[in-house]
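Okay, structure first, notes after.
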Amino acid sequence: MFTLNVLHFLLSVLVLFQLRQEDRLSVCSKLCYAIGGAPNQVATSATAFFLQIYLLDIAHITPFHASLVLFIGKAWGAVTDPVAGFFISKSKWTKIGRLMPWMLGCTPFTIVSYFFMWYLPPFVAGRVVWYLTFYCLFQALTTLFQVPYSALTMFLSPDQKERDSATAYRMTVEVLGTLMGAALHGQIVASAHASDRCAVNLTINAADSSSSLSNASNLAEPLGLQSHGREVYMIAAGVIGGVYLFGIVILFAGVKERDGKLNSNTSGFQSDSFPLSFGKYDIILCIPPLVDPYALNSDKAIPFFKGLRLTMKHGPYLKLTASFLLISTAVQVTPVFASPCIGLVLPTA
């Protein structure tokens with residue numbers, strides 16, 4: 001009897017050790033997960049730094065309409081965040097997971113919308129509507145990617161340390177992606193903003209500011225300069241579109257989404273105890289029960305508004321949100337002063 005108990009105990013320990021090893025994430029899996037989110041940061045960084053310059057310098061949209069496009073697009077992205085979260089939380093489990101289909105499905109449309117966001121249409125009168133449409137579409141699609149991608153962290157492993165480690169990998173690669181987006185896009189489109197273009201573009205922007213959108217088609221645009229600027233921006237859009245494809249392939253190939261439920265083969269080892277006898281001493285060895293790491297600590301869910309109040313009272317969250325808003329504002333304002341071709345045109349008497 002003693003021998004059988006020892007064998008049962010050792011077998012249980014081995015099975016539990018194997019299950020804990022399965023919960024661990026390899027460095028390759030963490031890198032694949034981190035690389036999968038980099039394209040969004042690359043594209044977002046390139047858009048934040050260069051879209052305003054593109055609208056003013058290449059598309060020759062007035063500063064008012066350019067600001068309108070950027071403001072409405074950002075507002076639309078904020079609106080789609082909770083909507084995307086609602087529908088994603090209601091989605092069903094599939095063979096490739098519950099979150100992965102959203103990322104795979106929206107990536108091709110994100111690439112198309114990003115490319116056309118940098119495309120210069122042949123017409124002039126409807127350019128504001130063109131860029132507003134594709135910028136809003138791009139914001140919505142990036143939200144449909146980013147929300148499930150961020151939530152995927154909880155479905156990588158039931159081990160909190162492994163999830164924290166994967167998050168550290170993701171944050172590091174996202175920072176590198178932000179820097180790469182600005183540098184890569186900037187190097188490609190640098191020739192479109194040569195100093196000899198500034199005098200021409202400044203004159204065109206001044207004429208645009210004093211004319212309405214309906215008669216903007218009467219402006220004579222330098223075809224050679226406009227053609228070169230259009231080409232380099234489309235090349236940059238194509239390169240970043242390739243980065244999107246590379247990222248989603250690496251994410252799909254190297255990351256396995258878990259359903260957040262315990263496997264059926266673990267049910268027999270929950271809260272097991274093994275009595276062992278050593279002469280006149282009786283020892284009971286217990287194996288801790290396996291619990292669902294994704295389950296709530298309480299059977300009663302916290303109401304939405306109560307959870308929102310608790311969140312808004314959390315000091316670190318408020319500091320992080322304020323820092324994020326200040327950084328985002330700095331990124332949006334920087335392009336106004338970064339390009340020598342952008343400036344205030346004062347009316348002359």
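What to note about this one:
- With the charge dipole of the range 27-150 set up from +1 on Lys and Arg Cβ and -1 on Asp and Glu Cβ about the Cα centre, the Cα lying farthest toward the positive end among the listed residues Val124, Phe71, Ser150 is that of Ser150.
- Under Karplus coefficients 6.51, -1.76 and 1.60, residue-wise ³J(HN,Hα) of the range 28-35 in Hz, glycine/proline x: 4, 5, 5, 5, 5, 5, 5, 5
- Share of carbon and sulfur in the accessible heavy-atom surface of the range 97-182 [1.4 Å probe, %]: 78
- Distance from the range 53-98 to the range 122-167 (C-alpha centre basis), Å: 8
- Violating pairs (Cα-Cα greater than 28 angstrom) within the set Lys161/Lys313; Lys161/Lys256; Lys30/Lys92; Lys256/Lys306: Lys256/Lys306
- Accessible area expressed per residue, the range 79-189, with surrounding protein chains retained (probe 1.4 Å, Å²): 47
The values are calculated or read from the model by the stated rules, or taken from the named source; none is laboratory data. Note that the structure is a prediction, hence the values are computed from the model and not measured. Neighbour counts are summed over all protein chains in view; Cβ atoms, including those assigned to glycine, are modelled from backbone coordinates with ideal geometry. All accessible areas refer to the heavy atoms of the entire protein, side chains included, with ligands and DNA or RNA removed. Shrake-Rupley method; radii C 1.70, N 1.55, O 1.52, S 1.80 Å.
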